[in-house]
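The values are calculated or read from the model by the stated rules, or taken from the named source; none is laboratory data. The model shown is predicted, which means the values in this text are computed figures rather than measured ones. We place every Cβ from the backbone using ideal geometry, glycine too, and count neighbours over all the protein chains shown.
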Amino acid sequence: MDSTHGPIEKKHAALMNAVASALQDTFKGYGFVLFVFDHNTQGRANYISNSERVDVVKTLQQFVQHETKQLQSIAQTPDTGTIDMYIRVPVCASTYEDAHAMLEPYVKAMAVEAEIVRPPVAKP
């Protein structure tokens, strides 16, 4: 990745700011970081956050440490030919059907067998 620090690339600035605003409104009281980068290149990573840079770095370090342990655990597990993985993805969609429509192309692009499930409804 490019080691320079600077403003968000102009081609991403408007949309990243709009998404950041939506995240801020949706996750009140929580920090977030949005990264946008080109796949499979050594290009620049653009990011936007509502948190101090030092807090973002600490959070990323904790994330990398946790994920490294998870990957090491997977590497030590006998190969059964399949990996069961559950990923919770918050999606800004008004209905389950809209969320499913948004996620389905990504599941197909990953070329994996996946099931998009409806989350349980919270009881009042």
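Observations on the model:
- Taken as a whole, the condition of being more than 15 Å from the chain's Cα centre (by Cα), surrounded by fewer than 10 Cβ atoms within 10 Å (Cβ to Cβ) and either at pLDDT below 70 or assigned to a strand (DSSP E or B) (or both) does not apply to residue 87.
- Failed item, numbered, when residue 43 is tested on (1) modelled with pLDDT of 85 or more; (2) over 17 Å from the mean Cα position of the chain (by Cα): (1)
- Pair list, Cβ under 7 Å, 6 or more apart: the stretch 40-66 residue more than 18 Å from residue 8 (Cβ to Cβ), other residue of a type in the set (S, T, N, Q) and assigned to a helix (DSSP H, G or I): none
- Considering 61, 76, 72, 65, the condition of being out of contact with any Gly (no Cβ under 6 Å at 6 or more places or on another chain), of a type outside the set (Lys, Arg), at pLDDT 90 or above and more than 26 Å from residue 104 (Cα to Cα) is satisfied by 61 alone.
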